[in-house]
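All remarks here apply to the structure that follows.
Nothing in this text is a laboratory measurement; each read-out follows from the coordinates by a stated rule. Everything numeric here is computed off the predicted structure, so don't read it as measured data. Cβ placement follows ideal geometry from the backbone for every residue including glycine, while neighbour counts extend to all protein chains displayed.
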Amino acid sequence: MTNQELLQAFRETGALLEGHFLLRSGLHSGQYFQCALLLQQMPLVERLGAALAGKFDAGSIDTVIAPAMGGLVIGQEVARQLRKRFIFVEKDDHGKLTLRRGFKIAQGERILVVEDVITKGGRVQETLDIVRANGGQVAGIAVVVDRSGGAVSFGVPTQSLGQLQVETLDPTNCPLCKRGLLLVKPGSK
Ligand SMILES: [Zn+2]
């Protein structure tokens, strides 16, 4: 799957939103990639999952882990295609990711981290920390969309299906703010 095909998939599923958005980084943007809309269609999820799973050696992975909510759909699909166990981390009451629900990681278990989008990579880093703190080994990182512009490095093999850039705007000098457009914090809303 090429960058162009991925972008096309975002457009066709209405997942490339136009407006005035507050990104998790604190910057503003006129566009937002809403992966949940992309991942509504199971045939497409299957294609994306196959493309991601194909970038890793199934023999070197025991388990797939994803940060909820964003990573759940694609994480489970990658795990399904690799025929591996799938677990997830989720926010606790303080908004910090944690391993709950009785999920266990064995000493030395080789774990692939799957996420939908990385921008600054904070959630992926938190997930890596949890895997390691529980004695697991990070086998790699798989993301649908890398929006970091290559700025993020986790020190483990990292694969994405595409690097899609959105123009980010400095909130102190944002043309959309100046035009008085309502600022929307996307994500789960
Ligand atoms: Zn703005």
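How high is the relative contact order of the range 1-157, in percent, with contacts defined as C-alpha pairs under 8 Å that are six or more residues apart? Taking the mean separation of contacting Cα pairs over the length of the range 1-157, I get 18 percent. Listed by Cβ neighbour count within 10 Å, with the fewest neighbours leading, 90, 12, 115 appear as 12, 90, 115.
Helix 122-133: angle to the longest alpha-carbon principal axis of the chain, degrees 0 to 90, nearest 10? Taking the Cα atoms of the chain, the angle to 122-133 is about 20 degrees.
Counting neighbouring Cβ atoms within 10 Å and putting the fewest first, the residues 170, 62 line up as 170, 62. Pairs with C-alpha atoms separated by more than 26 Å, drawn from the list 55/91; 55/120; 91/185; 104/185, are 55/91; 104/185. For the pair residue 154 and residue 100, label points projected 7 Å from Cα toward Cβ lie 2.2 nm apart.
Here the scattering of the chain is modelled by Debye summation over its C-alpha atoms, one equal scatterer each and no solvent; at q = 0.12 Å⁻¹ the log10 of I(q)/I(0) is -0.58.
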